[in-house]
Amino acid sequence: MSVLALRYALVALALVFVFSSVWASAKRPSRDRRHPHRYRQPIAVAIIGWLLVSAGFFIGLTSFTVRDAPELWPMRIAGVVAVLVGAFFLIMHRNRYVELRRDGVRFRTAFGRVREIAVADAVEVRMLLGTRHPTIQVRSRQGVRLRVDARRYPIGEVFTVAR
């Protein structure tokens, strides 16, 4: 009975942590300390990345230290996948930002490519309401597209005020 209660308590604690971090990141945008006009990924992305990397490391450590155990292959695969997904989250948190300017938007993708959309080059500015969160999609003449959460990044203000 106590093991079952402990299991449910840990699951409830994990759910409270996830929902509270998502709620806090939606309320307050994360800004870069060195560049206050840049909006970054929420800190929850980095926390989830570190948790996945550490859990994957320990899963992999326990599964790869046992010799000649073919039944541990799923555990080994899960450990490697957790480390890779966690590393992607960390890279995404480190690289991605959206910088608001008077003449447009400059942003960097999750893989580090810097892109820029000027207000004069914006061909399409759409508000997508069919998703769970209102999303702004901006497309330039060169084909550069930016799609972000409208509540977290005030990009619509840049393009409506400048026009």
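The values are calculated or read from the model by the stated rules, or taken from the named source; none is laboratory data. What you are looking at is a predicted structure, and each value in this text was computed from that prediction instead of being measured. Backbone-built Cβ (ideal geometry, glycine too); neighbour counts: all protein chains shown. Note: areas computed on protein heavy atoms with side chains; ligands, DNA, RNA excluded. Shrake-Rupley method; radii C 1.70, N 1.55, O 1.52, S 1.80 Å.
Miscellaneous remarks
- Looking only at the stretch 66-109, and only at residues there that are basic (Lys, Arg) and part of a helix (DSSP H, G or I), the one that is farthest from the chain's Cα centre (by Cα): Arg76
- Index of the failed condition, Val45 passing every other in (1) over 29 Å from Ala24 (Cα atoms); (2) touching a Ser or Thr at 6+ places or on another chain (Cβ under 9 Å); (3) surrounded by 14 or more Cβ atoms within 10 Å (Cβ to Cβ): (1)
- The residue that is surrounded by the fewest Cβ atoms within 10 Å (Cβ to Cβ), counting only those in the stretch 55-64 that are closer than 28 Å to Leu15 by Cβ and without any contact (Cβ under 8 Å) to a residue 24 or more places away in the chain, is Leu61.
- Under the condition of being out of contact with any Lys or Arg (no Cβ under 6 Å at 6 or more places or on another chain) and closer than 26 Å to Val45 by Cα, the residues counted in the stretch 109-134 number 14.
- Selection count, the stretch 94-123, where residues are touching a residue at least 60 places away in the same chain (Cβ under 8 Å) and either in contact with a helix residue (DSSP H, G or I) (Cβ under 9 Å, 6 or more places away or on another chain) or loosely packed, with under 14 Cβ neighbours inside 10 Å (or both): 4
- Subset tally (residues that are farther than 10 Å from Leu90 by Cβ and part of a helix (DSSP H, G or I)) for the stretch 48-65: 12
- Output for the stretch 26-42, where each listed residue is in contact (Cβ under 8 Å) with a residue 40 or more places away in the chain and in a helix (DSSP H, G or I): Ala26
- Single match in Arg76, Arg33, Arg7, Arg67 (criterion: of a type in the set (Lys, Arg) and open to solvent by less than 60 Å² (accessible area, probe 1.4 Å)): Arg76
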